[in-house]
Amino acid sequence: MAAARNTGGRRRPSLAQLRAFVAVAEQLHFRDAAAAIGMSQPALSGAVAALEEALGVTLVERTTRKVLLSPAGERLAVRARAVLESVDALMEEAEAVRAPFTGALRLGVIPTVAPYLLPTVLRLVHDRYPDLDLQVHEEQTAGLLDGLTTGRLDLLLIAVPARQPGIVELPLFDEDFVLVTPLGHPLGGLTDIPREALRELDLLLLDEGHCLRDQALDICRDAGRADAPVTATAAGLSTLVQLVAGGLGVTLLPHIAVKVEAGRDGRLRTGRFAAPAPTRRIGLAMRAGAVRGAEYEELAVALREALRPLPVRVLGELNR
């Protein structure tokens, strides 16, 4: 590696020095740290010492039995990790430019989509983009959007619009909500349920933080219901439909979830709303100006085609 430039009387740290220091900070053992990054122990010790000289601070306290980080080392280890992560991201972006649909793609997915769309997404990636290292992260919408804006995630599969600056959305489909009721409920199995029926129902919802909960509340408000129609809440849709099967109330499910969550339980019935039925829109979201934006747009086109067998209305590209 070329020598670091002299700036302000001090030599800039090299990446090798930063990697050595971060390895020691993580392992708190010189031999283990050297093995972790494939460096000899004398070379690693020399790299850490050179970094301390370049920075003008003591990073590591060495004793006969163990290695400790100094207060300065604790603070600067965070910065060093961030630098190395940024360099890794730079290399990933360069690889993506050289060879599209290769390398890592960190995809964030909301819980009310993941179980029902991931089989289609994973099959598509396996068949069409075999060199793409797809890494899936399931989180609620707020965490996913934060991960996208901070660079922790590359692409999201969420309900849109997200209404967040700096985000470009690629819509995939619209789908209707259906009403899930216990067996014997007067609305079970109907195909023309008026939205106004929601005013009087005991509606079960997901816990706070799920965008599907907010969508259900919006539907109730549109139907003229002023109060919060919550008799019980659940962390996931599977629990929610079990509460319905137990007779605690009714719930709203996105159509793609019905087969998995309610289709095989004889204690449940589903009803369809009269047109226009309440709907949600699902799409991909990426950072504005993302280097791999063209890849994500191509992936959106491929996904729309792959999703056509599902009970959804596939969309074209939305004006940005």
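The values are calculated or read from the model by the stated rules, or taken from the named source; none is laboratory data. What you are looking at is a predicted structure, and each value in this text was computed from that prediction instead of being measured. Glycine gets a Cβ as well: all are built from the backbone with ideal geometry, and neighbour counts include every protein chain shown. Keep in mind that these areas ignore ligands, DNA and RNA; they rest on the heavy atoms of the full protein, side chains included. Shrake-Rupley method; radii C 1.70, N 1.55, O 1.52, S 1.80 Å.
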Filtering the stretch 124-133 down to residues that are under 18 Å from the mean Cα position of the chain (by Cα) and at pLDDT below 95, which residue is least open to solvent (accessible area, probe 1.4 Å)? L132
When (1) touching a residue at least 24 places away in the same chain (Cβ under 8 Å); (2) farther than 19 Å from P311 by Cα; (3) in contact with a strand residue (DSSP E or B) (Cβ under 7 Å, 6 or more places away or on another chain) are applied to R213, the one that fails is (1)
Which condition number in (1) assigned to a strand (DSSP E or B); (2) of a type in the set (D, E); (3) under 19 Å from D214 (Cα atoms) is the one that D146 fails? (1)
Report yes if A77 is part of a helix (DSSP H, G or I), crowded, with 16+ Cβ neighbours inside 10 Å and of a type outside the set (S, T, Y), otherwise no. yes
Picking from G247, G263, G271, the residue that is more than 10 Å from L204 (Cβ to Cβ), open to solvent by less than 70 Å² (accessible area, probe 1.4 Å) and without any contact (Cβ under 8 Å) to a residue 60 or more places away in the chain would be G263
Identify, from the list P186, P165, P115, the residue that is in a helix (DSSP H, G or I), modelled with pLDDT under 95 and over 12 Å from the mean Cα position of the chain (by Cα). P115
Residue hits (the stretch 134-170; surrounded by fewer than 13 Cβ atoms within 10 Å (Cβ to Cβ) and basic (K, R)) are R163
Six or more apart or on different chains, Cβ atoms under 6 Å: show the pairs whose first residue is in the stretch 166-191 and at negative phi and hydroxyl-bearing (S, T, Y) and whose second is open to solvent by 20 Å² or more (accessible area, probe 1.4 Å) and assigned to a strand (DSSP E or B). T181/R269; T191/R272
Anything in the stretch 19-53 that is on the phi > 0 side of the Ramachandran plot and among the aliphatic types (A, V, I, L, M)? List them, or say none. L28
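Going by what's in this entry, would F101 be described as in a loop (DSSP other than H, G, I, E, B), open to solvent by less than 40 Å² (accessible area, probe 1.4 Å) and not hydroxyl-bearing (S, T, Y)?
yes
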Qualifying residue in the stretch 64-71 (condition: farther than 30 Å from A302 by Cα, assigned to a helix (DSSP H, G or I) and either open to solvent by 80 Å² or more (accessible area, probe 1.4 Å) or not acidic (D, E) (or both)): yes
Check the stretch 80-90 and report whether any residue there is of a type outside the set (S, T, N, Q), open to solvent by 30 Å² or more (accessible area, probe 1.4 Å) and over 30 Å from L132 (Cβ atoms). no
When V258 is evaluated against the numbered criteria (1) more than 24 Å from R163 (Cα to Cα); (2) open to solvent by 50 Å² or more (accessible area, probe 1.4 Å), which criterion, by number, is the only one it fails? (2)
